[in-house]
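FYI, it's all coordinate maths here, none of it is from the lab. None of the values given here were measured: they were computed from a predicted structure. Backbone-built Cβ (ideal geometry, glycine too); neighbour counts: all protein chains shown.
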Ligand code: UDP
Ligand code: MG
């Protein structure tokens, strides 16, 4: 049996500051993924270090920790079939210059140091990252299609 996955997505501070949050969220919504968690927050030092623990010690780590805290992020949990890999596909490669045209990073960014969006790289990473940014009671599962809304409405009038 197939089940839906969840992934952690963030519009990074450069995306928020540039006012392209809506454009980025739209890519994921248009694909059909369901937003089950969404908030703007200022990333704490603890959250930044937990989020990017795998990169500790790399040359770009200090700049990365500074970047992710350089302004608020818009954090999201998306749900859907194969959403972890699917969202990464929509995001494109880490370096916007290598990302395929049509992906978020190719279309909205120029530098890998300011690549506008984060997405978990595996189901395990997603579970770990979601817990860094969200409490379970902040996640909702309330999406409905238009046809479901129409039928529910007609059945109740
Ligand atoms: N990063 C960077 N320089 C590098 C590699 C990565 O500034 O040489 C940043 C970039 O913002 C990237 C993040 O560190 O999104 C995490 O790197 P990772 O390799 O996990 O890329 P991602 O999973 O975000 O594509
Ligand atoms: Mg990564």
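Principal-axis analysis of the Cα atoms of the chain puts helix 21-31 at an angle of about 50° to the longest axis. Going by alpha carbons, how many degrees (0 to 90, nearest 10) lie between the helix axis of 123-133 and the longest principal axis of the chain? Helix 123-133 sits at roughly 80 degrees to that axis. First check a/c for the stretch 5-155, with a ≥ b ≥ c the square roots of the eigenvalues of its C-alpha gyration tensor; if it is under 1.5, answer rounded, and if not, answer prolate when a/b is larger than b/c or oblate otherwise. Note, shape of the stretch 5-155 comes out prolate. What the Cβ-Cβ distance of residue 137 and residue 97 gives, at R0 = 30 Å and to the nearest 0.05, is a FRET efficiency of 0.15. Between residue 61 and residue 144, residue separation times 0.36 nm minus the direct Cα-Cα distance comes to 25.8 nm. With neighbour counts taken as other beta-carbon atoms within 10 Å, the residues 91, 40 rank, fewest first, as 40, 91. In the chain, the longest principal axis of the Cα atoms and the axis of helix 146-155 are about 30 degrees apart. Here residue 1 and residue 151 are evaluated by their C-beta separation; at R0 = 41 Å the FRET efficiency comes out at 0.95.
In plain terms, the residue of 55, 118, 153 with the fewest other Cβ atoms within 10 Å comes first and the most crowded comes last, giving 153, 55, 118.
Every helix of 4 or more DSSP H residues in the chain counts as -39500 (n - 2.57), and over all residues that averages to -11500 deg cm²/dmol at 222 nm.
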